[in-house]
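As structure tokens, the structure follows; a few thoughts come after it.
The values are calculated or read from the model by the stated rules, or taken from the named source; none is laboratory data. Because the structure is a prediction, the values reported are computed rather than measured. Neighbour counts run over all protein chains shown; Cβ positions are idealised from the backbone, glycine included. Note: areas computed on protein heavy atoms with side chains; ligands, DNA, RNA excluded. Shrake-Rupley method; radii C 1.70, N 1.55, O 1.52, S 1.80 Å.
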Amino acid sequence: MKATARACSNIAFVKYWGTADPALNLPFNGSISMNLASLTTETTVEFLDRPDDDELVLDGVPQSGEALARVSRHLDRIGARVEVDAAALVTSHNTFPAAAGLASSASGFAALTVAACGALRLDLAEAELSRLARLGSGSASRSIPGGFVEWHAGSDEESFAESLAAPHHWELWDVVALVEERQKEVSSVEGHRRASTSAFLDARLAGVPARLAAVRRSILERDFEALAAAAEEEALELHLVAMTSRPSILYWQPGTVQILQRVRRLRSEGLPVFYTLDAGANVHCLVPAGHQEVLRAELVALPLVERVLASPPGGPAQLLRAC
Ligand code: DP6
């Protein structure tokens with residue numbers, strides 16, 4: 001009744017922003033991402049022989065409130081499949097700062113799903129694990145398969161993620177410049193809820209099918225320039241919708257703008273690089289293999305950048321141990 005799993009975080013090139021069904025985490029649109037090998041969560045789930053409440057320890061700190069409740073709801077969902085209602089002890093470690101816009105919920109809920117299923121000896125196919133992870137956190141559905149991944153919109157049945165290409169298909173590096181490591185003020189959950197209050201959401205959604213096709217093609221053909229153009233437009237649209245939601249959400253900090261300007265300058269000087277942002281102030285800068293050290297040095301030198309992390313594409317969520 002005890003198992004440990006590891007899952008990668010992911011960075012989306014076409015983003016999930018806005019929920020058609022908040023209870024089932026069904027997105028308005030499909031999305032495409034790359035798993036991040038160096039940004040992982042390792043989680044152990046142990047079902048205990050007692051009916052008491054679940055416990056969650058994240059990076060050594062016992063959790064309570066909504067963080068614990070969200071994990072408990074997910075464990076109940078998984079336990080219900082095999083009629084197990086035991087309390088669980090969950091210990092989880094991130095290799096990166098949680099809740100700083102680096103999609104800790106993606107790697108967190110993917111690792112939790114695989115560990116809980118492992119502990120309960122629930123042997124599910126990848127698509128089913130992805131659907132299950134989606135119920136915990138939308139972006140977690142994309143951290144179940146490996147490499148470059150597409151998550152489909154649609155009904156509960158249809159909405160799961162699958163690999164478009166393995167990690168070794170294309171060695172892109174994500175160099176993440178951190179300008180803020182504290183918890184963001186508006187959670188993604190709340191951002192998804194507010195998306196439909198933006199007058200620009202419909203315009204964005206109308207363009208998503210063409211963008212999904214462009215990003216899919218650019219990944220399969222390793223066309224960096226096409227991916228760069230689509231992914232930057234996409235990131236700006238997400239933030240446009242967030243900024244124009246009611247109430248408005250402004251994730252950007254001065255350091256964010258400093259990085260965007262620097263990336264544009266570096267590109268005009270010949271470096272193949274593009275940026276994308278999730279729901280936070282930190283900026284993900286992508287380059288083909290061989291350029292990551294130059295980019296890292298450029299970003300570290302910016303006065304408002306606190307820290308830089310770098311990652312190549314990562315594999316699928318994995319069950320490490322079960323006993
Ligand atoms: C901006 O699925 O992480 O990163 O887990 O419900 O907080 P919650 O939301 P999540 O939202 C992801 C939002 C995003 C875009 C993306 O990764 O597609």
When residues of the range 9-21 are filtered for being near the ligand (Cβ under 8 Å from one of its atoms) and open to solvent by less than 10 Å² (accessible area, probe 1.4 Å), how many remain?
-> 6
Give, as residue ranges, the strands (runs of 3 or more DSSP E) completely inside the range 147-215 that count at least 3 residues that are open to solvent by 10 Å² or more (accessible area, probe 1.4 Å).
-> 161-165
Assess whether LEU286 counts as being more than 21 Å from the chain's Cα centre (by Cα), modelled with pLDDT of 95 or more and farther than 24 Å from GLY191 by Cα.
-> no
Residues that are touching a helix residue (DSSP H, G or I) at 6+ places or on another chain (Cβ under 7 Å) and aliphatic (A, V, I, L, M), drawn from the range 190-230 = ALA195, LEU201, ALA214, VAL215, ILE219, ALA226, LEU227, ALA230
Elements of type strands (runs of 3 or more DSSP E) in the range 225-323, at least 2 residues being closer than 17 Å to MET34 by Cβ | 274-276, 283-288, 307-311
Picking from LEU39, LEU56, LEU24, the residue that is open to solvent by 40 Å² or more (accessible area, probe 1.4 Å) and either within 30 Å of GLY207 (Cβ to Cβ) or within 16 Å of the ligand (Cβ to nearest atom) (or both) would be LEU24
Open to solvent by less than 70 Å² (accessible area, probe 1.4 Å), within 16 Å of the ligand (Cβ to nearest atom) and either aliphatic (A, V, I, L, M) or farther than 30 Å from GLU234 by Cα (or both): does that describe ALA5?
-> no
For the subset of the range 213-228 comprising residues that are on the phi < 0 side of the Ramachandran plot and in contact (Cβ under 8 Å) with a residue 40 or more places away in the chain, which member is farthest from the ligand (Cβ to nearest atom)?
-> GLU225
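Conditions (1) free of Cβ contacts under 8 Å to residues at least 40 places away in the same chain; (2) under 17 Å from ALA177 (Cβ atoms); (3) within 16 Å of the ligand (Cβ to nearest atom); (4) open to solvent by 60 Å² or more (accessible area, probe 1.4 Å), marked per residue:
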| residue | (1), (2), (3), (4) |
| --- | --- |
| ILE249 | no, no, yes, no |
| VAL273 | no, yes, no, no |
| ALA281 | no, yes, yes, no |
| PRO288 | no, no, no, no |
Note on VAL61: of the conditions (1) at pLDDT below 95; (2) within 16 Å of the ligand (Cβ to nearest atom); (3) of a type in the set (A, V, I, L, M), unmet is (2)
Going through (1) away from the ligand (no atom under 13 Å from the Cβ); (2) open to solvent by 10 Å² or more (accessible area, probe 1.4 Å) one by one, VAL71 fails only at (1)
Filter the range 42-53 down to residues that are under 25 Å from the mean Cα position of the chain (by Cα) and open to solvent by less than 20 Å² (accessible area, probe 1.4 Å) and give me whichever is nearest to GLY315 (Cα to Cα).
-> THR43
Give me the pairs, please: first residue somewhere in the range 103-121 and among the aromatic types (Phe, Trp, Tyr), second residue anywhere and not in a loop (DSSP other than H, G, I, E, B), beta-carbon distance under 6 Å, and either six or more positions apart or on two chains.
-> PHE109/ALA133; PHE109/GLY136; PHE109/ALA140
Considering residues of the range 143-184 that are free of Cβ contacts under 8 Å to residues at least 40 places away in the same chain and closer than 20 Å to TRP17 by Cβ only, the residue farthest from the ligand (Cβ to nearest atom) | GLU158
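Does PRO303 satisfy the condition of being away from the ligand (no atom under 16 Å from the Cβ), over 21 Å from GLU180 (Cβ atoms) and at pLDDT 95 or above? Give the derivation first.
Numbers: away from the ligand (no atom under 16 Å from the Cβ): yes; over 21 Å from GLU180 (Cβ atoms): no; at pLDDT 95 or above: yes.
No: the conditions fail for PRO303.
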Considering only residues of the range 102-142 that are part of a loop (DSSP other than H, G, I, E, B) and within 8 Å of the ligand (Cβ to nearest atom), which is least open to solvent (accessible area, probe 1.4 Å)?
-> SER137
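Residues checked against (1) more than 28 Å from VAL176 (Cα to Cα); (2) in contact (Cβ under 8 Å) with a residue 12 or more places away in the chain:
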{"site": "SER9", "(1), (2)": "no, yes"}
{"site": "TYR16", "(1), (2)": "no, yes"}
{"site": "MET34", "(1), (2)": "no, yes"}
{"site": "THR44", "(1), (2)": "no, yes"}
{"site": "VAL57", "(1), (2)": "no, yes"}
{"site": "GLN63", "(1), (2)": "no, no"}
{"site": "ASP76", "(1), (2)": "yes, no"}
